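Asks: I have a structure here, written as C-alpha cells, and I will follow up with some questions on it.
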Amino acid sequence: MEKNPISPQGLIRLQHELLNLKSVERPAIIIQVATAREHGDLSENAEYHAAREKHSFIEGRIKELEDKVARAEVIDPSSVSGTHVAFGARVKLTNVDTEEVVSYRILGADETDLANGVIGIASPVARALLGKEAGDEVKIRTPGGERTFEITALAFDA
C-alpha cells in the first residue's frame with residue numbers, strides 16, 4: 001500500500017471532512033432521497049435523481065477520504081531540518097532569465113493550495129526540487145516551456 005505523506009494539520013482537515021460527511025451530509029441526503037421518492041413516479045422525478053446523484057458523490061468522497069486517511073504517513077514539518085529540499089520545506093526560487101521570485105512550501109498532495117504557495121510533494125515542481133540545496137539551479141518544465149530557477153533560500157519551520 002502506497003503511503004500518503006501529509007502534515008498533521010492536513011490529516012486533521014481530512015478527518016474533519018470525513019466526519020462531517022458521515023455524520024451530517026450522509027444522513028441529510030438519505031432523508032432527501034426518501035422525501036423525493038415519496039413524490040411519485042421515479043422515472044420523471046428530477047428531485048429524486050439529483051438527490052441520488054448527490055448521495056453517490058458523498059459515498060464516493062467518503063471512500064476516497066477513508067483510503068487517504070488509512071494510507072496517511074504523518075510527517076511533522078517542524079521536525080524536519082537539513083540543507084536539502086524535502087517534505088515541509090519552504091523554498092524560494094528565482095527565475096534565472098527573468099529574475100522573478102516565487103516561493104513554495106512542499107506538503108502532501110491533499111494540502112495543495114497554489115494561491116498560498118503550497119504545492120504537493122508529487123507535483124512536477126516539487127519532484128524537481130527534492131534533494132536540491134540552496135544555490136542549486138533547477139530546470140523545471142512548465143506549461144510555458146522549460147525554465148531554470150535558482151534556489152535562493154531554503155527553510156524548515158512549523
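Asks: Show me 78-85, 9-16 ranked by packing, highest mean number of other Cβ atoms within 10 Å first.
Replies: 9-16, 78-85
Asks: What is the log10 of I(q)/I(0) for region 4-74, computed with the Debye formula using one identical point scatterer on each Cα and no solvent, at q = 0.12, 0.20, 0.25 Å⁻¹?
Replies: -0.42, -0.78, -1.00
Asks: Can you put 98, 148 in order, fewest other beta carbons within 10 Å first?
Replies: 98, 148
Asks: Now a separate question. Between region 7-76 and region 118-158, what's the alpha-carbon centroid distance in Å?
Replies: Value for the Cα centre distance between the two parts: 36 Å.
Asks: If each of residue 69 and residue 26 carries a label point 7 Å out from its Cα toward its Cβ, how far apart are those two points in nm?
Replies: In this crude spin-label approximation the distance works out to 1.0 nm.
Asks: Using label points projected 7 Å from each Cα along Cα→Cβ, tell me how many nm separate residue 43 and residue 103, to one decimal.
Replies: Distance between the two pseudo-spin positions: 6.2 nm.
Asks: If you take the square roots of the eigenvalues of the alpha-carbon gyration tensor of region 77-156 and sort them as a ≥ b ≥ c, do you get rounded (a/c under 1.5), prolate (a/b over b/c) or oblate?
Replies: Oblate, because a/c is 1.5 or more while a/b does not exceed b/c.
Asks: In deg cm²/dmol, rounded to 500, what helix-only [θ] at 222 nm does the chain give when every DSSP H run of at least 4 residues adds -39500 (n - 2.57) and the total is split over its residues?
Replies: Estimated from H runs of four or more residues: -11500 deg cm²/dmol.
Asks: Cβ neighbours within 10 Å, averaged per peptide: list 124-132, 59-67 in order, most packed at the top.
Replies: By packing density, highest mean first, the sequence is 124-132, 59-67.
Asks: Oh, and also: Roughly speaking, what is the stretch gain from residue 157 to residue 13, that is 0.36 nm per residue apart minus the C-alpha to C-alpha distance, in nm to one decimal?
Replies: Result for the pair: 49.9 nm of gain on full extension.
Asks: Once you have the Kirkwood Rh of the chain from its Cα pairs, apply Stokes-Einstein at 10 °C and 1.306 mPa s and quote D in µm²/s.
Replies: The calculation lands on 87 µm²/s.
Asks: Another question about this same structure. Short version: ³J(HN,Hα) in whole Hz for each residue of region 54-62, in order, from phi by Karplus 6.51 cos²θ - 1.76 cosθ + 1.60 (θ = phi - 60°), x for Gly and Pro, what are they?
Replies: For region 54-62, the Karplus-derived couplings read 5, 4, 4, 4, 4, 5, x, 5, 4 Hz, x marking Gly and Pro.
Asks: Charges only on Cβ, +1 for Lys and Arg, -1 for Asp and Glu: so what's the dipole of region 6-78 about the Cα centre, in debye to the nearest 20?
Replies: It comes to approximately 180 debye.
No lab work stands behind these numbers, since they all come straight from the coordinates. Given the structure is predicted, the values throughout are model-derived calculations rather than measurements. With ideal geometry, Cβ positions are generated from the backbone for all residues, glycine too; neighbour counts draw on all protein chains shown.
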